[in-house]
Structure formats: structure tokens, C-alpha cells
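Read through the structure below, which is laid out as C-alpha cells, and then see the notes.
The values are calculated or read from the model by the stated rules, or taken from the named source; none is laboratory data. Just so you know, these numbers come straight off a predicted model, no measurement behind them. For neighbour counting, all protein chains shown are included, and Cβ atoms are generated from backbone atoms with ideal geometry for every residue, glycine included.
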Amino acid sequence: MAALIWYDECFLRYSNKIMFSTMERDPNYTLWNTQNVAVHADFNRILVDTIGTAVYQAANMPAGVKKFAATKANYTMQDMLYVLVQCTPDLSSNDCHQCLLAAYSGLQICCNEKRGGRILFPSCIVNFEMYLNYNETYVEEAAALAPSPVPQGGKGSSKKTWIIIGATLSTIVGVLLFSSFAYTMWRRKKRESQNSQVIQLLDLEGDDYSTEIIYGEVKSQDSPLIRLDIVLKATNQFSNENKLGQGGFGPVYKTCDFYAVGFKKKKEEGYAFIDDGD
């Protein structure tokens, strides 16, 4: 059981079911002016823009303010188009927006190029006329609370979009360059650390031999001598776990810094011979 009655200034509704905070479009009522507009050019475009602005303002009114908006636009030098839209105050912004869009879709079917028309839903109304159809004093007060309409795309918005894209790309390039620099410095420090460990291993405390470091490798002009205690420590007492294989002059062991060194089995006065650093 339910009933509705609409007036220009108000409407009355009752029902035996819950009707608050629920968007409803049925039952509905449609009215239109039987006369057509005299000049058709651009009328539909002006009507769409004017209703669109009103729908946006009504649906986005601040909390506690009636979801109501009225707009107007010059149709010709003599004629003015007036638009009125409103939702019941219990609707959410999204429900109000959907209700008004549905009502406007109905107007496009019934009232194309008509001098006036209105769709009455239980939850909202949309009305356009070629005469003033609302209280201008109240509308001016409500307009101060209405949100600004969404700006149309153009050169300004296009320029802003390119600025955002440029800033984003600059940030990405900066991060990539910094990451590349940090990785290069890490590799360089790691290589220098490995070279330092190799030099410490081959340090004979003053024994005369020539050593050259080229791109992270140690090369000696002659097979140098290393004290036996250093060799034992570096190869973990010649353990099988550190043995990599057999070379031309003897076994090849992995040292503490993973530097492969081949040793001759011959030992003289506590020293061992290095065959090759490769």
C-alpha cells in the first residue's frame, strides 16, 4: 500500500514498507509541453550541458544540505532555458546521481525538442522549461553552497596532464640512474675488497717478488714463495673440501677468498711454491 502526489512546490508520499535511504523510480509520472522549440540548432546540446551541471551540483551537495539545484542558459537572444533537479534528502550522493540520470534519460525519450518537460520519480525529479520554474531567491542562497561543476577538458587540462606525465617520467629516470650508480659502486667496492684479500694472502713480509693487479686478477712475473703456515691456513690444512682438482704441477686448492692456487708438492725451508694464479 502506497501513494504519491506531486506539486510544483512539494510532494507527499506514504507507504507500508521502508522507503528511506532507498532510491526508487516507480511509480513515476511524465509531463511535457506540446509545443516544440522554434530553433532546433544546438538546443539539445544546451539542454544536456545545463541539466548535467544541475545534476552534478545536486548530487554533491554537502551533508545536511538539500540535494537541490537550478541552472539556466540562454537558448536564443530572447529565450532562456531553466532547469530544476532535486532528490529526497535521505538519498546518498551516488543514489541521487543515479536517480537524476535515469530521470533525464526518460526526458530524452518523451521530450526531445519540446519547450518543456518533467519526470517525477518517488526519489527525485527533473524539470526543464522555457519559463522560470523555481524560486530565484531560494536558488541564489543554495547556489552559494553548491560545488563547482567539473571543468571541461581543453588546452589547460591537456597541459596539466603532460606536466604530470613529465614529472612521473623524471622521477622514474632519476630512480633508475641512482640504482645504476649504487650498483656500480657496490661492484667496485666488492672487487677492491677481493683484491685486498689476495694481496694479504701473498704478502711475504718483505720477500722480493713482483706482483701486478689487472682488473681484479693477481699475476706474478715469477712463481713466488709463500710461507707454509699461510698456505696451511688458506687451504684449511690442504683439506679435501678445499681441493678443486689436479693441475699439471700438482693439486689445485681453493683459498679462503675462493682464489684457485696450484701448489708444488716440494717444500723447502717452510715455504711452498705457487705454480699459477689462474
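Residue check, residue 65 against (1) more than 34 Å from the chain's Cα centre (by Cα); (2) more than 15 Å from residue 99 (Cβ to Cβ); (3) of a type in the set (Val, Ile, Thr), all met but one. Which one?
Of the numbered conditions (1) more than 34 Å from the chain's Cα centre (by Cα); (2) more than 15 Å from residue 99 (Cβ to Cβ); (3) of a type in the set (Val, Ile, Thr), the odd one out for residue 65 is (1).
Return yes when residue 144 is in the same structural domain as residue 38 (by TED's automatic domain parsing), crowded, with 23+ Cβ neighbours inside 10 Å, among the hydrophobic types (A, V, I, L, M, F, W, C) and modelled with pLDDT under 90 and no when it is not.
So residue 144 fails the test.
Could you say which residue among 50, 30 is outside any strand (DSSP E or B) and among the hydroxyl-bearing types (Ser, Thr, Tyr)?
50
Report whether or not residue 79 is among the acidic types (Asp, Glu) and in contact with a strand residue (DSSP E or B) (Cβ under 9 Å, 6 or more places away or on another chain).
Judged against the criteria, residue 79 is not a match.
Tell me yes or no: at least one residue of segment 86-93 is of a type in the set (Val, Ile, Thr), out of contact with any strand residue (DSSP E or B) (no Cβ under 6 Å at 6 or more places or on another chain) and either surrounded by 15 or more Cβ atoms within 10 Å (Cβ to Cβ) or assigned by TED's automatic domain parsing to the domain that holds residue 124 (or both).
yes
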